[in-house]
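Undergrad: The following block contains the structure, expressed as structure tokens.
The values are calculated or read from the model by the stated rules, or taken from the named source; none is laboratory data. These numbers come from a predicted model, not from an experiment. Virtual Cβ from ideal backbone geometry, glycine too; neighbours counted across all protein chains shown.
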Amino acid sequence: MPEEQPRRKQRIPLSPEELHYFIKLKKLKEVKKLEQFKATSFYKIVNTLNISLAAVVTYCVLSILMLSTWQKTYIQEYAMTLGKLVPETDQYTISEIHLQTMSGNEFIIKTDYLFIEPKVGQPVFLGKDFIFNKTLKAKLSYDNRAFWSINAYASLSVCLFALGIGFYIYRYNKHLTVNGLLTAFGLFGLACLYFILI
């Protein structure tokens, strides 16, 4: 006959007091592990970079929405794209204007309900951000509205997406994991590069 294998000892459930201490011990180990992670130079450097990059991305959003310095220049060349026909005026709106200025700037602005065609030599005011000197907006001399550069729409979308996901990651795990830190760093870094280079 085959020999009987020794049976495993039956597990004895922990008493409520033992369970309480076991949970406390586990929490203390997690706290110690987090403190050790926070003490590493990797955490300190990447977390500082994340905070700095989040500030730059926030600056990018604010500069697109409201902050800009205006510079006067003149139209050297332009090309425009007509939009839809407006029945009240029986005219086509100008939907986009590709501007080349005498100061060497070249960009496309999106317009809305603009009917008057710009002219060569006419003044145009360029709205640029303070730090990177990127052209974000333009005002035509005969219209009081500020029209956004076509790149400003894309930059705003990318920056808002990066901020939203970055703050969601922070809310979820307070950037206390390597993956959370690196994901936020990548998002903020790419958003900054997109704003600066595009």
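Undergrad: Working carefully through the options ILE94, ILE131, ILE109, find the one that is under 23 Å from the mean Cα position of the chain (by Cα) and in a strand (DSSP E or B). So that I can check it myself, show each step before the final result.
TA: Details: ILE94 fails: under 23 Å from the mean Cα position of the chain (by Cα); ILE131 fails: in a strand (DSSP E or B).
ILE109 is the lone residue from the list that is under 23 Å from the mean Cα position of the chain (by Cα) and in a strand (DSSP E or B).
Undergrad: Considering each of LEU99, LEU114, LEU181, LEU156 in turn, give the residue that is among the hydrophobic types (A, V, I, L, M, F, W, C), touching a Phe, Trp or Tyr at 6+ places or on another chain (Cβ under 9 Å) and under 30 Å from LYS33 (Cβ atoms). Show your work before the answer.
TA: Details: LEU99 fails: under 30 Å from LYS33 (Cβ atoms); LEU114 fails: under 30 Å from LYS33 (Cβ atoms); LEU156 fails: under 30 Å from LYS33 (Cβ atoms).
After applying the criteria, what remains is LEU181.
Undergrad: State which residue is surrounded by the most Cβ atoms within 10 Å (Cβ to Cβ) when the search covers only region 44-90 and only residues that are of a type in the set (Ser, Thr, Tyr) and part of a helix (DSSP H, G or I).
TA: Step by step, filter region 44-90, then rank; the result is SER63.
Undergrad: If we scan region 2-21, do we find a residue that is surrounded by 11 or more Cβ atoms within 10 Å (Cβ to Cβ), hydrophobic (A, V, I, L, M, F, W, C) and closer than 30 Å to THR177 by Cβ?
TA: The answer is yes, given that some residue of region 2-21 is surrounded by 11 or more Cβ atoms within 10 Å (Cβ to Cβ), hydrophobic (A, V, I, L, M, F, W, C) and closer than 30 Å to THR177 by Cβ.
Undergrad: Looking at region 177-187, is at least one residue of a type in the set (Ser, Thr, Tyr) and farther than 18 Å from MET66 by Cβ?
TA: Among the residues of region 177-187, at least one is of a type in the set (Ser, Thr, Tyr) and farther than 18 Å from MET66 by Cβ, which makes the answer yes.
Undergrad: Follow-up question, since we're still on this one. Please determine, by comparing only the residues of region 79-103 that are of a type in the set (Val, Ile, Thr) and out of contact with any Pro (no Cβ under 7 Å at 6 or more places or on another chain), which one is modelled with the lowest pLDDT.
TA: Initial filter on region 79-103 (of a type in the set (Val, Ile, Thr)): 81, 86, 89, 93-94, 97, 101.
Then drop every residue that is not out of contact with any Pro (no Cβ under 7 Å at 6 or more places or on another chain), which leaves 81, 86, 89, 93-94, 101.
On the way: THR81: 91, VAL86: 84, THR89: 81, THR93: 90, ILE94: 90, THR101: 93.
In this case the residue turns out to be THR89.
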